[in-house]
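J.: If you scroll down you'll find the structure; I have some questions about it.
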Amino acid sequence: MKTNNTVYSIGLLLIVGLLQFRPCFSQSEEPQKWEIGADLLSLFDKNQLPDYSLFATRKIGEKGFSLRTRLGFQMNSHKPKNNQKYHLNDNQNYNYLIIVGIERDFANFQVGNGMSLYWAVDIGFNQQLTRKHETKFSDPDTYFFDYSDYRSNNYHLNGSIGINQAIAKNLSLRLESSISYHLEDDIGIDYYLPIEPNQPLPSKKKLVEDAKKSNATGRYRYSNNYLSLIPFNQILLTFNF
C-alpha cells in the first residue's frame, strides 16, 4: 500500500507541474492564486481518511484569505479466488472525504524562500462503507446467504494552525495541526436469506434482491460526538501558480 501511495503522490505532483508549465519568454509574473497538492501523511501514518486525496486553495481578495478544499476517495475489495458455485465470500470497502473551508495568513517570515503561518476553519464529511456477501452454515442442515451493509458517517468541524514553507519558486511544504469536533453516526444492516445447501447459487444481484425482501434482518445504529486533537493533521507537498 505504501508503494502505491508513493507512486500516486509523485505522479499527481508531476502531472500538476506539467499542467502549470509556462514558456520561459513570459513577459510578466502573475500573482500566484492557486495551490494544489497531495497529502503525504498516508505514506507513513494510517488513519481513517482515504489514502488518495487532492488538496487545493484559491486566494480571494487582498487580505490573505483563501478558500480551501480537500477531496478524497478510496476503494478496495476482497474476493477469494477459490470461490465455488455453492459458496460466496467477498467484501467491498469504500471511503469518501469532502472538506471545505477558509484560511488566512497571519504572519510571514523571510526563512529560506519564505515562510507563512496561517489559521483555517473547515467543515467536513467522511464516510466509510463496507458491503459483505457471504454464504454460511449455521448447522449441518441450515444454509443461508448473509448480506451486510455497514457505514460510518463522520461530520466534523476543524480549527487548524499551519506552517507553509516555500522550498522553491512554485513548490511548498505545509505542516498543519488541528482540533476537531466530530459527530459520528454508525449504521449496520444484515439481511439473512435461507437457501438450499449444495445447490448452484443464483447471481449475487439476485441473492441481494431476495435477501432485502426477507424479514430476517438485523439492524443497529450508534451515534457519538467527541473532540480530537491531531498534532499532524496534514503534511502537504503543493504547487503554487
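The values are calculated or read from the model by the stated rules, or taken from the named source; none is laboratory data. These numbers were taken from a predicted model, which means no experiment stands behind them. With ideal geometry, Cβ positions are generated from the backbone for all residues, glycine too; neighbour counts draw on all protein chains shown.
J.: So residue 209 ticks every box in (1) in contact (Cβ under 8 Å) with a residue 40 or more places away in the chain; (2) assigned to a helix (DSSP H, G or I) but one. Which box is left unticked?
T.: (1)
Let's see how each residue does on (1) touching a Ser or Thr at 6+ places or on another chain (Cβ under 6 Å); (2) farther than 25 Å from residue 90 by Cβ; (3) of a type in the set (Val, Ile, Thr):
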residue	(1), (2), (3)
134	no, no, no
144	no, no, no
152	no, no, no
163	no, yes, yes
166	yes, yes, no
170	no, yes, no
177	no, yes, no
182	no, yes, no
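Matching residues to (1) under 22 Å from residue 194 (Cα atoms); (2) within 20 Å of the chain's Cα centre (by Cα); (3) charged (D, E, K, R):
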site	(1), (2), (3)
128	no, yes, no
134	yes, no, yes
145	yes, no, no
150	yes, yes, no
160	no, yes, no
163	no, no, no
166	no, no, no
171	no, no, no
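J.: Next question. For the range 177-199, check the following and say yes or no: at least one residue is under 30 Å from residue 87 (Cβ atoms), acidic (Asp, Glu) and under 19 Å from the mean Cα position of the chain (by Cα).
T.: Yes, there is a match, as at least one residue in the range 177-199 is under 30 Å from residue 87 (Cβ atoms), acidic (Asp, Glu) and under 19 Å from the mean Cα position of the chain (by Cα).
J.: Which of the residues belonging to the range 27-81 are of a type in the set (Asp, Glu), at pLDDT below 95, under 16 Å from residue 239 (Cβ atoms) and buried (at least 18 other Cβ atoms within 10 Å of the Cβ)?
T.: Within the range 27-81, just 39 meets the criteria.
J.: So, in the range 188-236, of the ones that are in contact with a strand residue (DSSP E or B) (Cβ under 8 Å, 6 or more places away or on another chain) and charged (D, E, K, R), which residue ends up farthest from residue 118 (Cα to Cα)?
T.: Residue satisfying both the conditions and the ranking: 196.
J.: Tell me, please, whether a residue that is modelled with pLDDT of 90 or more, surrounded by 14 or more Cβ atoms within 10 Å (Cβ to Cβ) and farther than 19 Å from residue 41 by Cα can be found in the range 195-206.
T.: no
J.: Now, a different point. So the check is Cβ under 7 Å with 6+ separation or different chains; which pairs have a first residue in the range 128-156 that's closer than 30 Å to residue 227 by Cβ and a second one that's among the charged types (D, E, K, R) and surrounded by 17 or more Cβ atoms within 10 Å (Cβ to Cβ)?
T.: Between residues of the range 128-156 that are closer than 30 Å to residue 227 by Cβ and residues that are among the charged types (D, E, K, R) and surrounded by 17 or more Cβ atoms within 10 Å (Cβ to Cβ), there is no close pair.
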